[in-house]
Amino acid sequence: MKKLIGLVLGVCFLYYLAYLPTFVFFVFIGQHIQSMLGLTERIFITVLNLVFASLLLFFILWDNMKHRYH
């Protein structure tokens, strides 16, 4: 149960960390792309948050794997 709570809090923290790059991307580029894709702002920002959170998680895991093998 302790690991589950840690996992949920970790995912929430990653989602929170991904919000800043999502906001910056949406302000400069996303507004133009959103209308072309026909998505609502809420769905577009949620998708961007998920993308940036997964990229951040991948970066953390990739860095961990790199140090593990050297």
With Cα coordinates, the longest principal axis of the chain makes an angle with the long axis of helix 2-17, in degrees rounded to 10, of 40
In Å², rounded to a whole number, the accessible area per residue of the chain with probe 1.4 Å is 86
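With each run of n ≥ 4 DSSP H residues scored as -39500 (n - 2.57), what mean residue ellipticity at 222 nm is computed for the chain after dividing by its residue count and rounding to the nearest 500 deg cm²/dmol? Let's see the in-between values first.
On the way: 4 runs with 59 residues, N = 70.
Rounded to the nearest 500, the figure is -27500 deg cm²/dmol.
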For the range 40-57, in residue order, the Karplus 3J(HN,Hα) values (coefficients 6.51, -1.76, 1.60; θ = phi - 60°; whole Hz; Gly and Pro = x) are 6, 4, 5, 5, 4, 5, 5, 5, 4, 4, 5, 5, 5, 5, 5, 5, 5, 5
Of every hundred units of 1.4 Å-probe accessible area on the chain, the number belonging to carbon and sulfur atoms, as a percent, is 75
Summing +1 per Lys or Arg and -1 per Asp or Glu among the other residues with Cβ less than 13 Å from PHE26's Cβ gives 0
Taking every C-alpha to C-alpha distance in the chain and binning by 10 Å from 0, the per-bin percentages run 19, 38, 28, 13, 3
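The values are calculated or read from the model by the stated rules, or taken from the named source; none is laboratory data. Quantities reported herein were computed from a predicted structural model and do not represent experimental measurements. Methodologically, a virtual Cβ is constructed for each residue, glycine included, from the backbone with ideal geometry; neighbour enumeration extends over all protein chains shown. The protein model used for the area step is the full one, side chains on, heavy atoms only, and it has no ligands, DNA or RNA in it. Shrake-Rupley method; radii C 1.70, N 1.55, O 1.52, S 1.80 Å.
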